[in-house]
1. What order, most packed first, do the peptides 117-123, 101-107, 4-10 have when packing is the mean number of other Cβ atoms within 10 Å of each residue?
2. Using R₀ = 35 Å, calculate the FRET efficiency as 1/(1 + (r/R₀)^6) where r is the Cβ-Cβ separation of Asn131 and Glu69; round to 0.05.
3. Which distance in nm do the two modelled labels at Met76 and Asn59 give, with both placed 7 Å along the Cα-to-Cβ direction?
4. Once the piece of chain linking Asn44 and Lys2 is laid out straight, how much longer is it, given 0.36 nm per residue of separation minus the C-alpha distance between them?
5. After finding the eigenvalues of the alpha carbon gyration tensor for the chain, what semi-axes result from the square roots of 5 times each, listed largest first in whole Å?
6. In a GNM of the chain with a 10 Å cut-off on Cα contacts, which of Ala22, Ala93, Ala158 has the highest mean-square fluctuation?
7. With θ taken as phi - 60° and the coefficients 6.51, -1.76 and 1.60, list the Karplus ³J(HN,Hα) couplings across segment 88-105 in order, rounded to whole Hz; mark glycine and proline as x.
8. Going by the alpha-carbon gyration tensor, a ≥ b ≥ c the square roots of its eigenvalues, is segment 52-94 rounded (a/c under 1.5) or, if a/c is not under 1.5, prolate (a/b greater than b/c) versus oblate?
Amino acid sequence: MKKLDNHVPLIVIDVQNAFEDAIWGKRNNPFAERNIEKLIDYWNLNQMLVIYVKHLSKNKESLFYYKNETSEFKEMINPLPKDIIIKKSVNSAFIGTNLEEILRKNNCPNIVITGLTTNHCVETTTRMAGNLGFYPYLVSDATATFDRQSINGETLNAEKIHEMTLTNLHEEFAIIKKTEEIVAML
C-alpha cells in the first residue's frame, strides 16, 4: 500500500448546517460526518494541515446565505488556529479562492478530500484538483449525497448517485479510499 507523507492536507468541503434542512430529502451514508470527524481528529493529533471549505451565497433565499445560521459549519467542525478556512461561492473550492496557491506553497501534490455533497462540490473540487495536477484521494465513506429528481421526473437514489460519482472519479481524477484505508496510509 502506498504511504502518504505527513504533510498531505485534509480538505473538508461544505460540512454546513444547511445540509440538515429537510428540503434536501433522503440522504445516503448517515455516518459521513462521523468519519470526517475521525479524519479531522487524526490530522489534528498529528499536527497536519486541515483546510475547511465553506460555501457562502449572497442570495438571501439560499440556505448558504452568508448571514444565515444555516451557512455555519456543523457543530463537529471546530477549526484550530493552524487550520485554513476557504470561502467559496461556486461548486469548486479552486474557483475564486487561493486553494491552489496554498497547496503549491505547501508542496502538497497529494490531498485527501471529504465533505458534502458527493456529486456537487466534492466532485467538482476533486475533478479540478486532478486537472490541476494534484493527486487527490477521495474518502468514500466521508462524503454523502441526497436523492435527486431526474430530468424525466424519476427519483434517483442517493446511494446510486454516490456510487456513480465515485466510479466516474476513480483512477481518472482521484483514488477512492475509505477512512480506515487513508489512516493506514499515513
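1. Values: 117-123: 23.7, 101-107: 12.9, 4-10: 16.9.
Peptide ranking by packing, descending: 117-123, 4-10, 101-107.
2. Values: r = 35 Å, r/R0 = 0.99.
Once rounded, the FRET efficiency stands at 0.50.
3. The two pseudo-label positions are separated by 2.7 nm.
4. Details: separation 42, 0.36 × 42 = 15.12 nm, distance 2.17 nm.
13.0 nm is the gain from fully extending Asn44 to Lys2.
5. Working: eigenvalues 118, 76, 50 Å².
Equivalent ellipsoid of the chain: 24, 19, 16 Å, largest first.
6. Checking each option, the largest mean-square fluctuation is seen for Ala22.
7. 10, 10, 10, 5, 8, 6, 8, 8, x, 10, 9, 4, 4, 4, 4, 5, 5, 4
8. Details: a/c = 2.73, a/b = 1.42, b/c = 1.92.
Oblate shape, in that a/c is at least 1.5 and b/c is the bigger or equal ratio.
Every number in this text was worked out from the coordinates using simple rules, so none of it is lab data. It should be emphasised that the depicted structure is a prediction, and the values quoted were computed from it without experimental measurement. Using ideal geometry, Cβ is built from the backbone for each residue, glycine included, and neighbour counts are taken over all protein chains shown.
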